[in-house]
Each structure stands twice: as structure tokens, then as C-alpha cells.
Amino acid sequence: MSLLTKLWTLRGLKPVREHELPAVARAIAVIMDGNGRWARRRGLPVAAGHRAGARALHRTVEASLGLGVESICVYAFSTENWSRPPDEVEALMEIFVETIERELADLVRKGVRVRFIGRRDRTTEAMRQKMSELEGATFRNEKLDLWIAFDYGGRDELVEATRRIVEDGLDSRDVDENAIGSRLSAPEMPNPDLLIRTSGELRISNFLLWQLAYTELMFVDTLWPDFDERHLRQALNEYAGRRRRFGGR
């Protein structure tokens, strides 16, 4: 009898059969929340929190390479984030470029393939160029896929998918899940097995509304700049003890 089965038995619950337990979360999504609070608690400008958050992203992706994770989608900048103070948005754009040049360069050498989902028409030309360069430089990498949701919103993605259905002249009888899914920002991106949100907030904030239909959700109190391999391992271990039913029993 496994340790997990013993624990379930001691609690008076029906043991989970080993074959029902999920394997390692191959695809994860992360809402990287708490950069601003991390900075304020230290008396630092918000930009310092975002730079610390970029380093946390590097740590997390690097740790994932050795933990069996194959795909990570991170929420970097939402469609609603444009409403933040202009100086913060400007600083964020600069930090994104810095992150591509400094934090992600090492990951590229380690076999990480980087792709962006979301809009690109509202950011700077320098940012668009860096995004395209990074995608091109990592196109053949295969160890891990890093999807960066930039100027992304789940509702906006579904509106755009619906618009494409109309533009393609699809008959209403042919509109099904495949028709919508194939018109999302990145139809080849796997649906996440696990979503992690940091900072203690208990919501998904318009992130991957279609893809998260059966994703396991995990909310941790740690602020994103403090998130590291230890926290990732804890999340993956908890996921491994859950039973995924996908609507069944």
C-alpha cells in the first residue's frame, strides 16, 4: 500500500487508485502576481518588483526543465494592464525588452522555445521586433515550450476567434469546439494541467478562459518575485495527489 493510499485510509476516505492519479503536470500555466506588493514592502519602486519578477520567471522555467514539465504559459501583461499609470506601463515595456535580452537568452541556449500569444499592435516597434527575433531564434528548440501571454485577455481571444469564424463564412451547423479552438491565439498550445497563481489572490483574471475548462487550480500566498523551485515542486507534488475526473466520477 502506498503512502498516499494509507493517508486516505486514515482519513476515512475512499483511497484513490494509483491508475487514477495524474502523472506529472506536463503543461502548466502561471499568473505571476505580486510584483508591485513585493516592491512596496521593501520601499522600492514598482519597476524593481517587475525586474525581480523577471528573474523569478527565469528560475521557474529553468527548474521546470528538470521536473518533467513540457509547456509553461505565463501571464505577463493583460489587456487590462494598459489602464495602469503610464509611467508603470512604460517601465514594463522597457523591462520586457530587457528580459528578452538578458533573462531569456540563457534559457534559449538550454533548449527553451519561446512563443507569444495575444495582441501585438499596441506595443512599441522595439518590443514587436524583440518578440519576433526571440521566436525565430528558438523555433527549433524542443526541451520546453514557454508561452508568454502579452497584451492578452481570455475574452478578447474568444471574441477574435468568433470574428474569424464569421470572416471564414462558417455555417452555424459547423460551429463546434474544434472550430473555436482552432481559431484561438495558439491552437497548438496544450491545455494546462495545472494553473498556479501567486500572491494569495483567488481568481483567474481573464486568463485562458477556454483552455482552463478542466485545469486544476492552485493558489499560493507567495509573491511572485519570491517564487522558486521549492514552491514549484510543492505545487507539482500537490497536483500529483489530485484525482482528475473531467466531469466523470
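The values are calculated or read from the model by the stated rules, or taken from the named source; none is laboratory data. Quantities reported herein were computed from a predicted structural model and do not represent experimental measurements. Reconstructed Cβ throughout: ideal geometry from the backbone, glycine too, with neighbour counts over all protein chains shown.
The table below gives the values:
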quantity	calculated
Selection count, the range 124-143, where residues are over 23 Å from GLY66 (Cα atoms), at pLDDT 90 or above, surrounded by 13 or more Cβ atoms within 10 Å (Cβ to Cβ) and of a type in the set (S, T, N, Q)	0
Condition met for GLY153 (in contact (Cβ under 8 Å) with a residue 40 or more places away in the chain and either crowded, with 19+ Cβ neighbours inside 10 Å or of a type in the set (D, E, K, R) (or both))	yes
LEU146, sole failed condition from (1) surrounded by fewer than 18 Cβ atoms within 10 Å (Cβ to Cβ); (2) of a type in the set (A, V, I, L, M, F, W, C); (3) not in a loop (DSSP other than H, G, I, E, B)	(1)
Residues (of a type in the set (Lys, Arg) and under 18 Å from PHE150 (Cα atoms)) located in the range 173-208	ARG183, ARG197
Total residues in the range 121-143, condition not hydroxyl-bearing (Ser, Thr, Tyr) and not in a loop (DSSP other than H, G, I, E, B)	12
Qualifying residue in the range 159-179 (condition: under 19 Å from the mean Cα position of the chain (by Cα) and either of a type in the set (A, V, I, L, M, F, W, C) or modelled with pLDDT of 95 or more (or both))	no
